[in-house]
Amino acid sequence: MTSTSDQLRMSSRAAIKDELAGRLHFNDDRVLQRLGIDRIPDDFVEACYFGLMNDSTQSARFSELRETVLDAEDEDGEIRGARATMYPILEYTLNYIGYYEWDGIHNGPGSRSRHFLRCSDEDLTSEAHTPGLPNINPGLILLDSETPIVESQNGDGAEKQRAFCYSLEWHYRAGFVVVKPTSFEGPMPPEDGPTADIVLRAADYARLHIAARPFQLFSVSLLVYGLKFCVAIFDHDGVTFSREGDLRTPNGWKLLARIVRCLSVTMTDEDLGRDPTARLLNSGPTIFRLQEEARSLGITVPDNFPTFSVSLGGKSGRRWGTIAMIWSSLSLVGRGTSVWLVQELREGKPEGAVKVMKTAWRSNRRMPEAQIYKALQEQQTYRCHPCVAKFDIGGDVNFLDERTISVSALRATGSDETQGSEDKILHRLLLSPVGRPIWEYESEEMLIRGIKAAVQGHRYLHEHGILHRDVSAGNVLLATHAESESAGFITDLDYARLSDDSPPAKSVREVPHGGHITGTYQFMSIRILELMTWHARKPGVEIFNELRDDLESFVWVFCYAIMRHHVLHRPNDVEAQKRFGNVFGHLSLNAIEQSRVGCQPIRAIAVFEESLSLQLLQWFQQQPRLLMRPPLYDGETGFEFTYETLIAWLDTALAAIWHALFSSGPSAKLAISPKALKRSKFELSTKPDSALYLRTFELALVNSASIDFETHGMMFTSDEIRMSSRAAIKDELAGRLHFNDDRVLQRLGIDRIPDDFVEACYFGLMNDSTHSALFSELRETVLDAEDEDGEIRGAKATMYPILEYTLNYIGYYEWDGICNGPNARSRHFLRCSDEDLASEAHTPGLPNINPGLILLDSETPIVESKEENDTQHQKKLRYSLQWRYRAGFVVVKPTSFEGPMPPEDGPMADIVLRAADYARLHMAARPFQLFSIGLLVYGLKFCFAIFDHDGVTFSREGDLRTPNGWKLFVRIVRCLAVTMTDEDMGRDPTAQMLSDDDDDAIPRLREEARSLGLTVPDGLPTFSVSLGDGTGRRWATISIIWSSLSLIGRGTAVWLVQELKDGVPEGTVKVMKTAWRSSRRTSEADIYGSMQNAQEDRGHPCVARLYAGGDVKSRDGREISVSSLRATILQDEAQDDKILHRLLLSPVGRPIWEYESEEMLIRGIKAAIEGHKYLYENGILHRDVSAGNVLLAQHPQPGMEGFITDLDCAWVGETSRLAEQAKMAGKSVPHGGHITGTYQFMSIRVLRLMWLAKIGQNPSEIYNEVRDDLESFVWVFCYALIRHHVSYHPTDAIAEELFHDTYGCLNLSAIHNSRTALTPIFAIRALESSLSAQLHQWFQQQPRGLQRSHAFDLETGFEFTYETLVAWLDAALTAVTEGVEITSL
């Protein structure tokens, strides 16, 4: 199947890393013995080596290879394009050896030699029997000698040309080559180091190779790293590596010649991993009859898929021909299960009944599956159930010499090494009845009835003491002749757990009953996934499968079947393929758990609507709310997975299909007329089990009549916060990019740079020998990168020092005594990396990302760091690199076609997304920054960009290949480095930094912070700020409470301040809030003022009160707005603008996460809820409950421990005082937009509806409701606990990662997925060191309550109200203060 996403690749590599722990074996001489290198004549090796060394083409290519490797090693492997350079060189060398003519053998490409071939991800052909197979390719593959030539067409229209190429499907590949450019990227890691990337890559390819190449027992690979190499053999128990060879020595070359000749020529298919009991069929009539059998069974067989003749091993003469593959496992370490339909071959002709052939690797410590089946069938009390597979024949598979095929036998491991240790043995069974894959159904009714039948088979086994423990899509089959009770059946008892009174257990004296936990991750229950994720890491915790876990697995099988059916029959539906991969393509346990907890398989069904009847699609739309409860099995909901409830659930699906229970529409109620109901009952009475279906139908009517079925949205997981933020930025910036704006350079003031200076600096640059040499290198780097289509990642690393030198040359250029060197007051350009980033204590969630070049303030402090150098510590002085000392940044791309302006209708350029990501961090971490500036360099071109909270404006482009381009570059850089003021660079003109000369002010402010119990980050600057109201009053900042991380939006910052009188801080501490408001909305100051103007109302102690404030004005009295900063003239007064708005509020508060006790935190949130309730009762809905808007009181009174602030997004009702005052004045008041708030704290309902609106599936308007605000308080509670832990445990890397995963995403769909999966609640489980035992224990039970509360429906009897939320917090308070275990919501 086609590639799903880079996330899947990361997921699979992470899973492989875990699988391979302790299973890597290096320098094993048996690897080369298995290749048979001793069978290669010494004379051939000498002749081939001599030929290679004297081949002019090879000599030139090897020289290029050596240079490429040396360059890559000099750059620490950073030159990714090095691999692209190495592939054609290696391809030539390897095929030279493979086709080398020696004594008349292999006289060219026409001979029977395997062939090495370059390929890319785009070359990959889909393997129809293995959906979820990602689009990844080794750079070099080894093709079978009989790989067919296929025809392709290149070009469009009249220019179409026929072309012929090898088929590149995985099943034609005999092996592969993995390349790394440096010798230190080899497979053997340093002591206690991580698994090498070359091993993970090769293992990823190997699992796909074994899965897609039928009857492949192991996979062979050549690993090349720099000028070194080795051979690796991957099997289902790990990896063995040969000794290393070195191409810098003759012996290394000769070893390579032996290895490659073995791979290309002498090794048989069995030597390369083919099962010796399987033979490729070439007989046309036999293959035709087997394919006809597949068609008669209604099974789709991929074109050109090979057909095999297979035995059960040993000297048995019976053989079976393969008809179609049903299942092939994608895991590397494990059982490697494959399931086929086969027919016995008699005298070479397929005859008799079709059977199911299952092959897997079993543990030698477990009872063989064949023995379980035999024991069952030998019991007189046991009668084979029609819905359980019946065992015909089979057992462990033997070689021809009757030795058992096992991993140890294949590895030629000695008996003394394997005695008493675990081994894996190949096991093969023939089963009946014949089945077809669960996704090959002909109707939805066939699918549901097939699953129901398999559930009945599972029940029969359980009643006989056998728990299956591996219900998956490969083990549930549809019967080809479906009757009412045998429409499907269950197979595969390899993982079954046997009770002591089960027939198999009684048949032997001692029997292994099965491990603690088994199954296929993709189909495991949520309970098991959660336990494996959170508890299995704790020593002594055992996890066992239970019946309920198996039954839940049937639900995931149901979803899988529907999705794969769609993908199989609609191969061009790229979106559906992507969604299928996102849901069932992950191998990482964490990714799968989050997907299942969020019911992602159920929710994703909407993408497959073309393959679903309207009735089943609408039935599925109500399932997430039902399935959010069953995994809990807690008795509170009255629901638990049992055979009865699962079958009843499937029966409602059947009833929906048969009788069109639901009307159309995104929010549909059951609509059945009495006449239709009567007709439906009559039709039901003719069905099998009519009484049961009639009861189910009527029950569905009763339960559904009063329930709205809301369409649920798609969810996408994102493990990488950086990817999440860039995706969110891309959405935010849509329609907000403005190119070639001349006002950008005017804002820089380039006209203030004297022409004489520009000419002198340009002349100096052109005649500076160092610069000339560096620029020549820059030009060559850019040309090389453009030749490689930008693939040389190391090009940027080459460009950084060149640009650093050039930029600082201009910044420090001496002209008429100005800027005479580093001691002058010039800003400084500096290279830095992600590792250089110092944490910004006031901005948790700030990711560790850095531009390659930054522009530091002229007064950036020098800090001391210590570096270990062998036996002593050395002091090192360097600039502080914290974001707040950065005046701007430079973003670099190596080619000119990577500039900011996309082609028409093309995607947003990566350089824009990167720069915008840096800009949002810059504005968040640099106090009072109104906008951010960036220099973008792409190849030899450049432009200047200004980022503000309403988008990005770009200057015209410059070109360093021309003198005018250089002179423009000089003007821009000189402005940035020297002439621009802090205000020109984005600093708020109403804010002035207090210097160390203010001896009285700063110590007093620090003391005030300490008295308030606040933590102030070291080095955080102190500012004197006015309200911009012309009064001259100023306030000094004490500490920052909140700083928004979003780029487009309000950019809210909240500070504690104290008024300055004659330069001395005095009076009461206030809260200062600054944000960008919409010109179309009622200002927040007006909302506060309307509440406080009423004499009869003195406000509420838990709602912030306005002290002063309004729109901020510059010194000339103009409002500070985006349009004024951009010097834009608005054409229409109704046009939306963003205006800077600043308020002073009281009482003083501290951040919600700066609590001193858990009781303080809970009481503070409760008080803020009372404030929210007061606002709501007065016609104002807050609509932006977030961690920055809920504060703890500094001097709390009972019931007033916290308060709520920030009414900028509030919904003003018609009955509010503000609306009444407006009416009295003959004015209208904007009531607020439809939807507002901070994504991280929004309710699940709003997140879901916003996502549906984004993808065009929810045409209705979206409004916040009070229940949404109340749910936001839950996410604030979780945020406070997690951030409190991170603040006081800065070295806890796991907690830091959890915090970023939970609250660091910006992407709407990623946040939706996280909240639906209750990730914030689960993350708190990792904070035991910061939580009291009582609160930690109390939180353990919250998911079960919250998973119900999100539905807001009549089924649970629960909805977020003030009363229920306060009761929930009271329960937490009781647990903390009295140590009483309290039940959840």
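Some values worked out for this structure:
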| quantity | calculated |
| --- | --- |
| Placed amide H near Gly175: partners under 5 Å, 5+ positions off or other chain | Leu142 |
| Order by protection proxy (mean Cβ within 10 Å, highest first), peptides 392-403, 911-922, 1099-1110 | 911-922, 1099-1110, 392-403 |
| Estimated vicinal HN-Hα couplings, Hz - the range 1027-1034 in sequence order (Karplus 6.51, -1.76, 1.60; Gly, Pro = x) | 7, x, 10, x, 7, x, 6, 9 |
| Mean-position separation - Cα centroids, the range 418-477 and the range 296-368, in angstrom | 15 Å |
| Under Karplus coefficients 6.51, -1.76 and 1.60, residue-wise ³J(HN,Hα) of the range 647-652 in Hz, glycine/proline x | 5, 5, 4, 5, 5, 5 |
| Cα-Cα over 28 Å, subset of Lys893/Lys967; Lys315/Lys349; Lys315/Lys355; Lys796/Lys1138; Lys315/Lys424; Lys358/Lys452 | Lys796/Lys1138 |
| Accessible area (Å², per residue) of the range 178-232, counting only protein heavy atoms and a probe of 1.4 Å | 24 Å² |
| Per-residue SASA entry for Lys374, accessible area with 1.4 Å probe, Å² rounded to 10 | 90 Å² |
| Residue-span extension gain [Phe184 to Glu1378] - 0.36 nm each, minus C-alpha spacing | 424.0 nm |
| Kirkwood Rh, Cα atoms: Rg over Rh of the range 1003-1094 | 1.00 |
| Percent carbon-and-sulfur accessible area, the range 907-1029, ignoring ligands, DNA and RNA, probe 1.4 Å | 43 percent |
| Inter-part distance where the range 1296-1323 and the range 921-984 are each reduced to a Cα centre, Å | 34 Å |
| Dipole of the range 178-286, positive end: most advanced residue of Val199, Ser264, Tyr225 [Cβ charges, Cα centre] | Ser264 |
| Against the rule of thumb 2.2 N^0.38 Å, how large the Cα Rg of the range 1076-1206 comes out | 1.23 |
| Distant-in-sequence amide H partners of Lys390 (H built 1.01 Å from N, under 5 Å) | Ser432 |
| Charge-dipole axis of the range 282-336 as Lys and Arg at +1 and Asp and Glu at -1 on Cβ define it, positive-most pick from Trp327, Gly317, Ile299 | Gly317 |
| Residue-wise HN-Hα coupling along the range 435-445, computed from phi with Karplus coefficients 6.51, -1.76, 1.60 (Hz; x: Gly, Pro) | x, 10, x, 4, 8, 9, 6, 9, 8, 5, 4 |
| Highest average packing first - 804-814, 733-743, 928-938, Cβ atoms within 10 Å | 928-938, 804-814, 733-743 |
| Segments 946-954, 984-992, 1272-1280 sorted - mean Cβ within 10 Å per residue, highest first | 1272-1280, 946-954, 984-992 |
| Radius 13 Å from Cβ of Phe942, net charge of other residues (Lys, Arg +1; Asp, Glu -1) | +3 |
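The values are calculated or read from the model by the stated rules, or taken from the named source; none is laboratory data. Quick caveat: nothing in here was measured; it's all calculated off a predicted structure. Every residue, glycine as well, gets a Cβ built from its backbone with ideal geometry; the counts of neighbours run over all protein chains shown. Ligands, DNA and RNA are excluded from the accessible area calculation, which covers all protein heavy atoms including side chains. Shrake-Rupley method; radii C 1.70, N 1.55, O 1.52, S 1.80 Å.
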